[in-house]
Amino acid sequence: MLKRKYRFKVQILALFLGISCGLSHAVPWLPFGPDGGDARSLSADPHDHLHLYLGTANGWVYESHNGGKGWRRLARVGRRDDLALDNIIIDAVDAKHIVVGAWVLGRPDGGLFVSHDGGVSWASNKEMAGQSIRALAVAPSDGRIMVAGTLKGVYRSVDGGTHWELISPEGSQELHEVESVAIDPSDPRVVYAGTWHLPWKTTDAGEHWSNIKDGVIEDSDVFSIIVDPKQPSVVYASACSGIYKSENSGEKFHKIQGIPSTARRTRVLMQDPEHLETVFAGTTEGLFRSDDSGSTWVRTTGPEVIVNDVYVDPSDSSHILLATDRGGVLASYDRGNSFEPSNSGFSARQITSYVAEAQRPAYVYVGVVNDKESGGVFASENGGLSWVQESAGLLGRDVFSLAQASEGTIIAGTGHGIYQLKGAMWTRVADGAVQETPVSTKEDSASTLGKRAPRARLRKVSAAKVIQPAALPKTSASKAVTAFDGSVYSIARSGDKLYAATSEGLLRSGTAGESWERVDGLRGLLLVAATRTSIVAADLKSLMLSVDGGKIWRTVPLPTALSQIAAVTVDDTGDLWVGGREGLFISKDRGATWETLKNLFIGDVNSIYYDEQSERVLITTGGKGTIAFAVHVPDRAVRFWDTGWNLRFLRPVGDHMVAASLFDGIVVQPQMVDSREIATH
């Protein structure tokens with residue numbers, strides 16, 4: 001049962017002001033979650049422990065003024081969506097001066113970015129442009145001195161991050177790929193650097209370096225290094241082989257016992273500033289705490305928590321925040337013994353699918369990928385303004401598609417099979433609920449979806465036959481039962497029937513998703529769309545159409561200008577709409593000819609949806625575009641909105657719109673929200 005959780009009062013339908021032809025006023029659409037996602041780093045204003053900054057995996061910086069209880073989007077660093085912000089430094093003298101280090105997954109790219117207005121605007125540091133910055137530290141004894149670890153080596157700044165000098169040997173075959181750095185609390189010339197293979201140290205600001213590997217297992221990635229602020233001879237280092245401690249400034253390390261070998265990828269080490277004997281280890285299998293300087297450890301979260309950063313409130317060490325993969329920010333108020341989500345206002349979800357209930361259009365569901373147990377399906381009862389997770393039974397599966405059967409059941413297509421929502425629990429369609437159904441096909445071109453794709457777990461029992469509609473079996477007695485574990489990329493409804501485009505073919509259900517039959521001859525599909533009379537299915541290169549409830553399928557010739565299908569739909573008049581990199585194409589004669597709209601010049605189409613109630617087609621595009629489009633089918637009139645976001649798809653909710661951003665959850669048309677109420681909260 002959904003709990004009511006309104007962020008502010010709204011009038012969902014009454015506040016819609018209407019959109020005239022042409023561009024609506026360019027007010028960015030408002031983000032509303034679902035809360036959570038990948039959080040990478042946490043940093044506090046030295047002058048205000050309640051003022052925090054949060055770095056993400058998609059370039060956004062968030063801000064909190066209440067100790068992390070609530071967040072607001074501040075700015076996107078570098079105006080890119082691929083920057084992982086793992087390090088944030090706030091100037092101890094001027095809190096408006098902030099330095100952020102960034103890197104890019106899978107590429108030697110990133111940069112150093114600087115703000116002088118508290119994070120509102122950012123500029124790239126030219127000397128560090130393109131550097132994959134994996135670590136960043138400021139000298140405790142001199143805030144002007146900073147050290148950065150990059151794939152090329154160790155860099156040092158003595159003027160607050162304006163100018164940088166490489167202080168490790170240029171072109172070194174050993175001191176490179178620097179993942180962690182630390183500076184001695186009393187002597188800023190003493191620098192520690194952890195690489196992807198071993199730790200290093202300099203005592204003269206980089207003039208000379210020594211490999212401090214005594215006691216460390218060879219070829220150990222060093223993820224984190226910390227130096228005790230009161231006893232600089234005490235150094236902790238975490239590596240893929242475990243956690244190490246030195247009591248003589250790194251001359252010799254000994255391995256700390258107590259953390260399971262499966263949790264050895266300790267991404268971050270942190271000491272309690274009030275109780276230095278308390279050390280936290282954030283691992284890929286939860287948070288561990290030691291209250292005796294590393295002699296013994298206890299895990300204080302579940303093993304499913306992947307910890308990227310730990311923040312201990314310097315004024316109240318019982319208050320601890322974790323930046324985690326998938327789960328966003330977790331907060332503890334009892335020294336880390338228990339944690340709860342603290343993500344209000346923070347969303348970094350990848351929404352892939354959406355469905356609104358037919359009888360309650362403000363009651364909507366979205367599907368999420370890449371978040372495992374923290375993702376799945378989220379539901380909203382107020383048109384997308386607030387969300388609760390509705391994923392029990394999905395077992396952490398990615399949800400690629402959502403639909404509603406004619407009798408009301410919500411259906412989810414996942415990376416491993418089909419699920420039905422029954423009460424508050426998702427139930428998987430049982431193995432053996434998929435049957436073979438031979439169909440008649442008609443070839444209209446050389447391209448066809450009839451090419452067979454590999455089927456890993458879907459085993460066909462009887463050979464397929466191509467037969468005419470008159471010979472179709474009247475009962476299911478002759479249908480062969482098979483098991484199904486494929487990926488379900490798209491689900492559409494036509495009348496009382498559901499159609500699912502899967503990695504192993506087109507499936508059809510007339511039982512509200514309880515059982516499915518496979519339409520033989522249509523393999524490896526990505527897209528399906530339907531009206532009451534027409535069903536269209538597609539892969540990247542081919543398009544198939546049925547106008548008789550799926551009995552006969554014909555191959556539809558594609559527009560010659562279209563290299564690859566990215567989106568497809570069919571409207572109530574039977575017109576076909578296809579989109580891709582080259583733009584949007586429409587056919588009124590089942591693919592015999594294609595045309596473009598004279599008043600709509602777009603490219604990189606990534607979503608097309610037919611809104612039956614309003615007789616319009618909703619379109620979004622990829623790339624850096626932020627415009628969403630609507631084409632009124634009867635007169636081909638075009639409306640468009642500058643949403644301020646790169647969108648994945650657009651959907652109506654009552655008389656307003658919601659859209660899925662690429663990486664930042666759901667955004668809502670601003671006319672939906674009463675600005676007078678927002679201003680009071």
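The values are calculated or read from the model by the stated rules, or taken from the named source; none is laboratory data. Note that the structure is predicted; figures quoted are calculated from it, not measured. Backbone-built Cβ (ideal geometry, glycine too); neighbour counts: all protein chains shown.
Values as computed for the structure displayed
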| item | result |
| --- | --- |
| Residue 184 touching a Cys at 6+ places or on another chain (Cβ under 6 Å), surrounded by 14 or more Cβ atoms within 10 Å (Cβ to Cβ) and acidic (Asp, Glu) | no |
| Near pairs, Cβ below 8 angstrom, 6+ apart or cross-chain, from segment 616-636 (under 20 Å from residue 655 (Cα atoms) and touching a residue at least 60 places away in the same chain (Cβ under 8 Å)) to any residue that is assigned to a loop (DSSP other than H, G, I, E, B) and charged (D, E, K, R) | 633/571; 633/572; 633/575; 633/615 |
| Number of the exception - residue 590 against (1) free of Cβ contacts under 8 Å to residues at least 40 places away in the same chain; (2) part of a loop (DSSP other than H, G, I, E, B); (3) not hydroxyl-bearing (Ser, Thr, Tyr) | (1) |
| Filter pass, residue 322 being among the hydrophobic types (A, V, I, L, M, F, W, C) and within 19 Å of the chain's Cα centre (by Cα) | yes |
| Residues being of a type in the set (Phe, Trp, Tyr) and under 20 Å from residue 312 (Cα atoms) - total across segment 45-103 | 3 |
| Within segment 60-80, considering residues that are of a type in the set (Lys, Arg) and closer than 15 Å to residue 37 by Cα, the one surrounded by the fewest Cβ atoms within 10 Å (Cβ to Cβ) | 72 |
| Number of positions in segment 510-522 that are touching a residue at least 60 places away in the same chain (Cβ under 8 Å) and either part of a strand (DSSP E or B) or within 18 Å of residue 551 (Cβ to Cβ) (or both) | 7 |
| Selection count, segment 320-358, where residues are crowded, with 20+ Cβ neighbours inside 10 Å and of a type outside the set (Ser, Thr, Tyr) | 20 |
| Test: residue in segment 249-263 that is hydroxyl-bearing (Ser, Thr, Tyr), on the phi < 0 side of the Ramachandran plot and surrounded by 14 or more Cβ atoms within 10 Å (Cβ to Cβ) | no |
| Residues that are within 18 Å of residue 529 (Cβ to Cβ), of a type outside the set (A, V, I, L, M) and not in a strand (DSSP E or B), drawn from segment 609-653 | 612, 613, 614, 615 |
| Residue match in segment 144-151 (condition: farther than 19 Å from residue 46 by Cα, without any contact (Cβ under 8 Å) to a residue 60 or more places away in the chain, out of contact with any helix residue (DSSP H, G or I) (no Cβ under 7 Å at 6 or more places or on another chain) and in a loop (DSSP other than H, G, I, E, B)) | yes |
| Test: residue in segment 174-181 that is under 16 Å from residue 139 (Cα atoms), in contact (Cβ under 8 Å) with a residue 12 or more places away in the chain and outside any strand (DSSP E or B) | no |
| Complete set of residues in segment 276-305 that are among the hydrophobic types (A, V, I, L, M, F, W, C) and either free of Cβ contacts under 8 Å to residues at least 24 places away in the same chain or within 22 Å of residue 227 (Cα to Cα) (or both) | 276, 279, 280, 281, 287, 288, 297, 298 |
| Criterion: among the hydrophobic types (A, V, I, L, M, F, W, C) and in contact with a Leu (Cβ under 7 Å, 6 or more places away or on another chain) - qualifying residue of 243, 226 | 226 |
| Top-ranked residue in segment 211-230 [being surrounded by fewer than 17 Cβ atoms within 10 Å (Cβ to Cβ) and under 22 Å from residue 242 (Cβ atoms); ranked as modelled with the lowest pLDDT] | 219 |
| Any hit, segment 124-132, residues being of a type outside the set (S, T, N, Q), modelled with pLDDT of 95 or more and either in a strand (DSSP E or B) or touching a helix residue (DSSP H, G or I) at 6+ places or on another chain (Cβ under 9 Å) (or both) | no |
| Extreme residue, surrounded by the fewest Cβ atoms within 10 Å (Cβ to Cβ), among residues of segment 268-298 that are under 30 Å from the mean Cα position of the chain (by Cα) and part of a loop (DSSP other than H, G, I, E, B) | 284 |
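Residues checked against (1) buried (at least 22 other Cβ atoms within 10 Å of the Cβ); (2) assigned to a strand (DSSP E or B); (3) β-branched (Val, Ile, Thr):
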| site | (1), (2), (3) |
| --- | --- |
| 528 | yes, yes, yes |
| 533 | no, no, yes |
| 537 | yes, yes, no |
| 541 | no, no, no |
| 558 | yes, no, no |
| 562 | no, no, no |
| 574 | no, no, no |
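To keep it simple, each residue is scored yes or no on (1) touching a Phe, Trp or Tyr at 6+ places or on another chain (Cβ under 9 Å); (2) among the hydrophobic types (A, V, I, L, M, F, W, C).
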position	(1), (2)
41	yes, no
47	no, no
57	yes, yes
63	yes, no
67	no, no
75	yes, yes
83	yes, yes
92	no, yes
